Amino acid sequence: MRSISIQSRLRVIGLTILTIALGFGLYYLGYQQGAKKVEIASEGTGSPSTIAPPKPEEAISPKPQPSVSDQNDSLFNPRERSNRVSEMASDFRNIGYEEAKSDFDAALSKAESMSPREQIFYVAGLFKFIAENSSPRDALTIAIAQAGTTRKFALKALVGEWAVDQSLPESEQEGRLRRVLGLSEGRYGLEAELASVLARSSTDPATDSAWMEAFSSHPSRTEIVARLSPLMPDFDPTKTLAMAEGWTDWEKSRFADSLVNNWSNQDPKSAWDWYSENPDTLPANAADQILNSWAQKDSDAMIQSLDTFTDPEDRRLAIEAISASLAAQGTDQALDWVESLADIEERDTGMQAVYQNTPKGIGAVLKLESGFPKISDIMPTGGLASTDLRAGDLIVQAQDSGKDPHNLYGRNMQDIVGLLRGTPGSEVEIRVLRENQATGQLEEHSAIVERDLLILESSDRN
């Protein structure tokens, strides 16, 4: 064992001597070559150039090459990565556009062999060309005839071209187009989701009409027609509802509900005027839906129109809608308006609506931080203000009296708020984590909080 150890050490020493000798030899050779004057014939001058002798460390070791991580540093920079994606998207879109001009069918075949990431932008270029050189109806016919992902990308690309405002700066146009290309199918399918994009844009009515026609037999036609038809210049609710003739009973009911919802969101005053004259044409809940949309969209205009509500039931619904909308903006503002009503029954109606729409809870303003609901502020009118809990505490658990505890860590905000809110007067135990400023360690604290009405001031509307 000893002899083997000595042999190994000798081999190491021998290799070390050999390395030193080789390094010295390379240094000497490099120095001799570097010391010579090398004449380089410059174009048109013939003047000599001298290469300086290399430094010793350059002679015995090659110049270091940038590592892979150095070369790819920019990939870890979000802005650089975003710029590269934008450049790639633009390149493939431009290539697709140019190749569509020369041979559209061949370009389509080429798209089928691409990766999805390349294909989406390449197909966007193909259908940019189609959108510019075809009517909306013809463009949709071509897009719908495609299969698989090509069909999806083609429909997105067309809507992107039609919906994006061409007067915007080019970079902003590019960003909006990429958002359309990245749309998911949504709850009602891609065709309905893209119909919503068209509805939110100032597209040509011929485009909206072509979209409704192209998908007149689609399973989501109730949503597609309901979203686009109120935008048509010649929109006639009676004729639009008649479009559902031949549809199933479920589709007719769904279509009427969706049409009321979309129309009241876009133009609630017109929707109400038409409904007032045709109360038996729309669903039973149409009045509530339209008036609530109107109050949320423009409560001031609705207040000014209140005297036009001559039917007692319609007027009651209008007062409820206005009171609820104002309560969401500020409790004091809502109460001021309700108290201005002359009729005592109408005041009672308004008060009930304000009460029902005023938040009821512990009085914490929350935000999510590292999975915890963090108390960012405490409302002076809430029950939390009278406890030792404070802003900055991380809520970990809520337990109603006599019920099982609910862990709040990792939940979404909607679930958290639902567990913390409750009937005024009910109690909930809140457990929190808090950092000890002296030790830096987390400590647990708890308090029993009585829920109450959370009176919102108009200045606290966000």
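The values are calculated or read from the model by the stated rules, or taken from the named source; none is laboratory data. Just so we're clear, the structure is a prediction, and the values are computed from it rather than from any experiment. Backbone-built Cβ (ideal geometry, glycine too); neighbour counts: all protein chains shown. Note: areas computed on protein heavy atoms with side chains; ligands, DNA, RNA excluded. Shrake-Rupley method; radii C 1.70, N 1.55, O 1.52, S 1.80 Å.
Need one value: the accessible area of T349 in square angstrom, 1.4 angstrom probe, rounded to the nearest 10.
In the full protein context, T349 sits at about 30 Å².
Taking N as the number of residues in the stretch 249-344, what value does Rg over Cα atoms divided by 2.2 N^0.38 Å take? Don't skip to the end; give the middle numbers.
Numbers: Rg = 14.0 Å, N = 96, 2.2 N^0.38 = 12.5 Å.
This ratio for the stretch 249-344 stands at 1.12.
What is the extension gain from N278 to K101, computed as 0.36 nm multiplied by their sequence separation minus the C-alpha to C-alpha distance, in nm to one decimal? Walk me through the numbers before you get to the answer.
Working: separation 177, 0.36 × 177 = 63.72 nm, distance 5.22 nm.
Here the answer is 58.5 nm.
Using 0.36 nm per residue, how much length does the chain from D138 to S217 gain when fully extended, once their Cα-Cα distance is taken away? Don't jump to the answer; show the numbers that get you there.
On the way: separation 79, 0.36 × 79 = 28.44 nm, distance 1.74 nm.
Extra length available between D138 and S217 comes to 26.7 nm.
Could you size up the charge dipole of the stretch 249-389 around its Cα centre, putting +1 on the beta carbon of Lys and Arg and -1 on that of Asp and Glu, and report it in debye to the nearest 20? Could the numbers behind the result be given before it?
Numbers: 10 positive and 25 negative charges, 135 e Å.
Charge dipole, the stretch 249-389, about its Cα centre: 640 debye, nearest 20.
Grab the beta carbon distance between K403 and R200, set R0 = 56 Å, and tell me the FRET efficiency rounded to 0.05. Each step should come with its number before you reach the end.
Values: r = 44 Å, r/R0 = 0.78.
It comes out at approximately 0.80.
If packing is taken as the average count of other Cβ atoms within 10 Å, what order do 262-270, 135-143 fall into, highest mean first? Please report the intermediate quantities before stating the final value.
Numbers: 262-270: 20.0, 135-143: 17.6.
So the order, starting with the most tightly packed, is 262-270, 135-143.
How long are the semi-axes of the equivalent ellipsoid of the stretch 209-280, taking √(5λ) for every eigenvalue λ of the Cα gyration tensor, in whole Å from largest down? Please report the intermediate quantities before stating the final value.
Working: eigenvalues 77, 39, 21 Å².
After diagonalising the Cα gyration tensor, the semi-axes are 20, 14, 10 Å.
Note down the accessible area of E427, probe 1.4 Å, to the nearest 10 Å².
80
With each label point set 7 Å from Cα along the Cα-Cβ vector, what nm distance links E174 and M351?
Modelled inter-label distance: 6.2 nm.
So how do E223, E161, E99 rank on accessible area, 1.4 Å probe, biggest first, that is with the largest at the start? Show your work: numbers first, answer last.
Details: E223 10, E161 35, E99 55 Å².
Largest accessible area first, the residues go E99, E161, E223.
Can you compute 3J(HN,Hα) from phi for each residue in the stretch 282-298, using the Karplus curve 6.51 cos²θ - 1.76 cosθ + 1.60 with θ = phi - 60°, rounded to whole Hz and x for Gly and Pro?
These are the phi-based 3J(HN,Hα) values: 9, x, 4, 8, 5, 4, 4, 4, 5, 5, 5, 5, 5, 5, 6, 6, 7 Hz.
Averaging sequence separations of C-alpha pairs under 8 Å and six or more residues apart, then dividing by the length of the stretch 178-257, give the relative contact order as a whole percent. Don't skip to the end; give the middle numbers.
Details: 57 pairs, mean separation 21.4, N = 80.
It rounds to 27 percent for the stretch 178-257.
Can you give the local net charge around I344? Use residues other than it whose beta-carbon is closer than 15 angstrom to its beta-carbon, Lys and Arg +1, Asp and Glu -1.
Taking every other residue near I344 into account, the sum is -2.
Please list 227-233, 317-323 highest first by mean number of surrounding beta-carbon atoms within 10 Å per residue.
Values: 227-233: 19.6, 317-323: 24.4.
The densest-packed peptide leads the list: 317-323, 227-233.
Can you tell me the convex hull volume per residue for the stretch 102-148, based on C-alpha atoms, in Å³ to the nearest whole number?
Once divided by residue count, the hull of the stretch 102-148 is 72 Å³.
What nm distance separates the two modelled labels at A438 and Q329, each placed 7 Å from Cα along Cα→Cβ?
5.1
May I ask you to derive the FRET efficiency for T310 and S370 from their Cβ-Cβ distance with R0 = 35 Å, giving the value to the nearest 0.05? Kindly include the intermediate steps, with their values, before the conclusion.
Working: r = 57 Å, r/R0 = 1.62.
Calculated transfer efficiency: 0.05.
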